[in-house]
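The values are calculated or read from the model by the stated rules, or taken from the named source; none is laboratory data. A quick note: this is a predicted structure, and the numbers were derived from the prediction, not measured. For neighbour counting, all protein chains shown are included, and Cβ atoms are generated from backbone atoms with ideal geometry for every residue, glycine included. These accessible areas exclude ligands, DNA and RNA; they are computed on the full protein's heavy atoms, side chains included. Shrake-Rupley method; radii C 1.70, N 1.55, O 1.52, S 1.80 Å.
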Amino acid sequence: MSDSPITPPAKSHFSTLQQWMIGLSVPVVLALLTVLLLPFVEQADEEVELTYGVEITETTGSLINKNIIFTDDDGNRLKCPMPSKSDLKNKAPMECKDRNGAIHTIEAIKPV
């Protein structure tokens with residue numbers, strides 16, 4: 001047998017209550033950020049609908065890498081990356097793909 005003493009595990013500097021509070025604070029902060037950012041996401045969807053004259057039926061992806069899905073006038077279900085603010089401002093055409101992978105270009109509505 002070895003003569004080295006067995007060291008007990010290190011104790012935490014935080015009490016059990018403090019550990020619970022730290023553990024709960026992360027999900028609470030994420031939930032608050034989600035609630036605070038949601039109106040901006042919905043506003044972006046509305047801007048796309050007004051700019052391109054489409055009705056978004058579904059969104060996929062994350063806030064940073066978001067895709068929008070809608071049905072065009074010909075009945076094609078199209079999936080497009082969310083246009084950037086500058087694309088919306090400049091009314092740049094959107095490149096969208098249908099279920100078969102064919103690319104469709106959606107032009108912005110021209111002001112009257």
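Details
- Here the relative contact order of the chain, from alpha carbon pairs under 8 Å that lie six or more residues apart, stands at 15 percent.
- Entry for percent of Cα pairs over 16 Å apart (calculated from the structure that is shown) out of (1) 65; (2) 70; (3) 82: (2)
- Distance from the Cα centroid of segment 94-112 to that of segment 35-87 is 12 Å (rounded to whole angstrom).
- Prolate is the label for segment 22-69. Its Cα gyration tensor axes, ordered a ≥ b ≥ c, give a/c of at least 1.5 and a/b above b/c.
- Degrees separating the helix 16-52 axis from the principal Cα axis of the chain, which is the longest one: 10 degrees
- Cβ-defined net charge surrounding R77, 15 Å radius [Lys, Arg +1; Asp, Glu -1]: -3
- Heavy atoms of V26 accessible to a 1.4 Å probe, total area in Å² rounded to 10: 90 Å²
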